[in-house]
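Asks: To start, I am sharing the structure in question, which I have written as structure tokens.
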Amino acid sequence: VQLQASGGGLVQAGGSLRFSCAASTMISGINVMGWYRQAPGNERELVATFTDGGITNYKDSVKGRFTISRGNAKNTVLLQMNSLKPEDTAVYYCHLRAASGSPYYWGKGTLVTVSS
């Protein structure tokens, strides 16, 4: 399975960015797809996930600002990031896993920089 992410970049605080992630194929069973991020000196952390059936999950600090949704194709998820803050600056990673936890896959990281 390969994950192809697009989006990210540099934006001023208060601005918006949009990510998309497409999987080359989905995992058998229930899929959980979304994004994690890692800021310098920090551990990788969950940002948002979308589970087959429409269940979403968000990191508390992004609730109300970020929205994850399925794209037109079942193998694609979108992450709309609004009201971005400097603390959102990180490398963002697309992630796909089975609901059971494995197997799981990572896409290449994409840098998001939010300037104050």
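Asks: Would you work out which of Y105, T25, T56 lies farthest towards the positive end of the dipole of the chain? Charges go on Cβ: Lys and Arg +1, Asp and Glu -1.
Replies: Sorting the options by dipole projection puts first T25.
Asks: Also, quick follow-up: Would you rank K108, K59 by solvent-accessible area, highest first, keeping every protein chain in place and using a 1.4 Å probe?
Replies: K108, K59
Asks: So, with +1 on the Cβ of K and R and -1 on the Cβ of D and E, and no other charges, what is the size of the charge dipole of the chain about its Cα centre, to the nearest 20 debye?
Replies: 180
Asks: Another question, then. Give the share of C-alpha pairs in each 5 angstrom bin for the range 16-65, from 0 to the last occupied bin, in whole percents, shortest bins first.
Replies: Each 5 Å bin holds this share of Cα pairs: 5, 16, 23, 27, 17, 9, 3, 0.
Asks: So which lysines can K63 reach, going by Cα to Cα under 18 Å and dropping same-chain residues fewer than 8 places off?
Replies: K85
Asks: While we're looking at this one, here's another question. Any idea what the relative contact order of the chain is, in percent, if you count C-alpha pairs under 8 Å spaced at least 6 apart? Could the numbers behind the result be given before it?
Replies: Values: 283 pairs, mean separation 42.1, N = 116.
This gives 36 percent for the chain.
Asks: While we're looking at this one, here's another question. Distances longer than 26 Å among the Cα atoms of the chain: what percent of all pairs is that? Mind dumping the intermediate values first?
Replies: Details: 892 of 6670 pairs.
The proportion of pairs with Cα distances above 26 Å equals 13 percent.
Asks: Same structure again: Translational D (Stokes-Einstein, µm²/s) of the range 57-116 at 10 °C and 1.306 mPa s when Rh comes from the Kirkwood sum over C-alpha pairs?
Replies: Estimated diffusion coefficient is 120 µm²/s.
The values are calculated or read from the model by the stated rules, or taken from the named source; none is laboratory data. None of these values were measured; they are calculated from a predicted model. A quick note on method: Cβ atoms are made from the backbone with ideal geometry, for glycine too, and the neighbour counts reach across all protein chains shown. With ligands, DNA and RNA removed, areas are computed over all heavy atoms of the protein, side chains included. Shrake-Rupley method; radii C 1.70, N 1.55, O 1.52, S 1.80 Å.
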